[in-house]
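> First, the structure itself, so that you have it in front of you.
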Amino acid sequence: MDISTKTIENVISHFRIAGELIHIQANKEGHINSTFISTFNNHGTIYKYTHQGINTNVFKHPFEVMENIDAVTSHIRQKLLEANVDVNQRCLQVVPTHDNSLLYEDSAGGYWRTYHYIDNVKTYATIKDEEQARLLGEAIGQFQLQLSDFNGTTLHSTIPHFHDMALRYEQLENAIKNNHDNRIIHVGEELSFLQANKQRGQILNDK
């Protein structure tokens, strides 16, 4: 969906951001939410922000999503502060609206969120080698460790059964049975891997 610069400028004006807006750029890498990067000049210092229009077809409870994000990132930020590391480079920071909300609702009923942009990093669409796979695993492990003492019962279930691997395998079996457009002939290796690792894939469900 095309969103005008005027619309984005209006959205941005509702968030607690200091300085003069000097540039807006669309980020086309994602495929769920509408994402834009803004650049501000605040007394000679440049700051960047990420603005996202939330896809409510996927995330039907945007306020609950943001409450989850705020709770998790606040917990991790506190851990990083205690460890005396660069917090802003290691964790998302939510930017509230002027009325201290985590989201802004526009006149069309769309929901927008804003984060401080994390600059000077590299992102990869796919893993290219073993070293990148190792770094990914290390990052996931670090994330889990930081949340090891977080009370997960306080979080909202925003997409029910999203991580229910038993349900995902059931959906996979139905897809194999239906075999639309004879797609199975193109994914034999992938299906063999998933079926061979079914028990391992469902280990959390079975606990």
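The values are calculated or read from the model by the stated rules, or taken from the named source; none is laboratory data. For clarity, every value in this text was computed on a predicted model and none was experimentally measured. In this analysis, Cβ positions are derived from the backbone assuming ideal geometry, glycine residues included, and neighbour counts consider all displayed protein chains. For the accessible areas, the whole protein counts, side chains as well, though only heavy atoms, and no ligand, DNA or RNA atoms are used. Shrake-Rupley method; radii C 1.70, N 1.55, O 1.52, S 1.80 Å.
> Report, by residue number, each residue of segment 179-207 that is open to solvent by 90 Å² or more (accessible area, probe 1.4 Å), part of a helix (DSSP H, G or I) and over 29 Å from residue 56 (Cα atoms).
181, 183, 185, 186, 189, 190, 193, 195, 199, 200, 206
> Pull up segment 37-54, narrow it to residues that are touching a helix residue (DSSP H, G or I) at 6+ places or on another chain (Cβ under 7 Å) and assigned to a strand (DSSP E or B), then point me to the one that is surrounded by the fewest Cβ atoms within 10 Å (Cβ to Cβ).
The first filter runs over segment 37-54 and keeps only residues touching a helix residue (DSSP H, G or I) at 6+ places or on another chain (Cβ under 7 Å), leaving 38, 51, 54.
Of the ones still in play, those that are also assigned to a strand (DSSP E or B) are 38, 51.
Working: 38: 22, 51: 24.
The qualifying residue surrounded by the fewest Cβ atoms within 10 Å (Cβ to Cβ) is 38.
> Of the numbered conditions (1) outside any strand (DSSP E or B); (2) in contact with a His (Cβ under 9 Å, 6 or more places away or on another chain); (3) under 27 Å from residue 158 (Cβ atoms); (4) open to solvent by less than 90 Å² (accessible area, probe 1.4 Å), residue 99 fails exactly one; give the number of that condition.
(4)
> Now for a different question. So in segment 14-36, with the set limited to residues that are closer than 18 Å to residue 54 by Cβ and in a loop (DSSP other than H, G, I, E, B), which one is modelled with the highest pLDDT?
Applying the filter and picking the extreme gives 14.
> Could I ask something else about it? Going by what's in this entry, would residue 153 be described as of a type in the set (Ser, Thr, Tyr), open to solvent by 70 Å² or more (accessible area, probe 1.4 Å) and more than 27 Å from residue 25 (Cα to Cα)?
Criteria met by residue 153.
> On to the next question. If I ask for residues that are open to solvent by 60 Å² or more (accessible area, probe 1.4 Å) and either under 10 Å from residue 15 (Cα atoms) or among the charged types (D, E, K, R) (or both), which ones from segment 102-123 would you list? Spell out how you get there, then give the answer.
Within segment 102-123, the subset open to solvent by 60 Å² or more (accessible area, probe 1.4 Å) is 105, 107-108, 116-117, 119-123.
Scanning segment 102-123 gives 105, 119, 122.
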